[in-house]
Amino acid sequence: MARGLNPKIEGFAGAVLADIDWSQPWFSPWRELGEPTARQALQQQSVAKALNAITYAAKREASAGSGDIASAASVNTTRAGLALGDAKAQKQERTATTKNEQLQEVKFVPQSALPEGQAYEDFIFKTAQVPTRDGLHDFFNGLCWHRFPLAKRRLNQLQAAEIDTQGIRATRGPVRDALTLFDENVVLMHAPDDVWAALQARDWLRLFVDLRDQWQQVHLVLFGHALLEKLVTPYKSITAHVYRVDSDINPHDEAALDAWLVQDLQPAKLATKPYEPLPILGVPGWWPANAERAYYEDVNVFRPKREIVAKTTHDFA
């Protein structure tokens, strides 16, 4: 059980929040926002109520957290609070940037508020309410709404637009699949070109051993709430999907990063699934065992890139 939190409350599904070890490096940027919220959720026996109680000041304090490998950085910026589009907006407006003053804050509500048969994303867009279960998954989702409100809004806008266009089908389609993957499992990476090239090549020994010193210049932001949930009980094979942040974006300014995501998250780009896999516990310094080269030689986790063999045909006529 994480230090500083109340003992588990019998019968409360959110009691697992007490298991979060906020001292772990991957949770460090979330700690100022997340630890007191988890404590309040345990006390009130409601994740939704605790998420609604987060103050603007607390959100700004939490944004000072850093994903740097080398050190934490201080961020002193301001931006609008939780954001969602006007429920009466036209479909084409859902994919357009909306000025902060036109946004309305979301409210976290019990899962039972979601009407049977209505898509989760559509409900959020139309009501500015986020159905929330008592547990790790929706807890981290709510924290992300607080920390990156504009990006979360953008993801919801795009989901709502796809639902309007395609309806609810057995398969989500490439854009909705990519949006869901981003929301659930993405880590944002700001990194030198050599690091990015090695990641793309799945050249794990070069990435983590030869270029280890360059990880001092890498900034990571764990965005996906399912990824954060998995890391409460860490295991070697947890794999994130990396989305690269443009080199001209200051990764320490989370307000700027949030705003950049709004512009960069475009359906055409998402349909290509612009992600690279990263076994997240390979990040230097994040797991004691990865200090040894042999850690990265485990091909069951650090898999080589599949070579695409071009098929050729021969004319035997």
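In this structure, the pairs whose alpha-carbon distance is over 26 Å, taken from Lys107/Lys236; Lys49/Lys273; Lys273/Lys305; Lys49/Lys152, are Lys107/Lys236; Lys49/Lys273.
Provide the per residue accessible area, probe 1.4 Å, for the stretch 147-289, rounded to a whole number of square angstrom. The partial results should precede the final answer.
Numbers: 5290 Å² over 143 residues.
Heavy-atom SASA per residue in the stretch 147-289 reads 37 Å².
Rounded to the nearest whole Hz, the Karplus-based 3J(HN,Hα) values (6.51 cos²θ - 1.76 cosθ + 1.60, θ = phi - 60°) of the stretch 229-243 follow the sequence 4, 4, 6, 5, 10, x, 8, 4, 8, 4, 10, 9, 10, 8, 10, with x at glycine and proline. Accessible area per residue (1.4 Å probe, heavy atoms of protein chains only) ranks Tyr120, Tyr235, Tyr275 as Tyr235, Tyr120, Tyr275, with the largest value leading. Across all C-alpha atoms in the stretch 177-317, the radius of gyration and Dmax reach 17.0, 64 Å. If only the Cβ of Lys and Arg carry +1 and only the Cβ of Asp and Glu carry -1, the dipole of the stretch 173-250 around its Cα centre is close to 280 debye. Available extension along the chain between Leu205 and Arg31 is 59.5 nm, counting 0.36 nm per residue and deducting the alpha carbon span.
Calculate the FRET efficiency for Ala291 and Asp193 from the Cβ-Cβ distance with a Förster distance of 25 Å, rounded to the nearest 0.05. Walk me through the numbers before you get to the answer.
Details: r = 25 Å, r/R0 = 1.02.
After rounding to 0.05, the efficiency reads 0.50.
In this Cβ point-charge picture (+1 for Lys and Arg, -1 for Asp and Glu), the stretch 100-248 has a dipole of about 260 debye about its Cα centre. If R₀ is 22 angstrom, what is the calculated FRET efficiency for the pair Ser112 and Ala53, using the beta carbon separation as r and rounding to 0.05? That gives a FRET efficiency of 0.65.
The values are calculated or read from the model by the stated rules, or taken from the named source; none is laboratory data. This is a predicted model, so every value here is computed, not measured. Don't worry about glycine lacking a Cβ; one is built from the backbone with ideal geometry, like all the others, and counts go over all protein chains shown. What goes into the accessible areas is simple: the full protein's heavy atoms, side chains included, and nothing from ligands, DNA or RNA. Shrake-Rupley method; radii C 1.70, N 1.55, O 1.52, S 1.80 Å.
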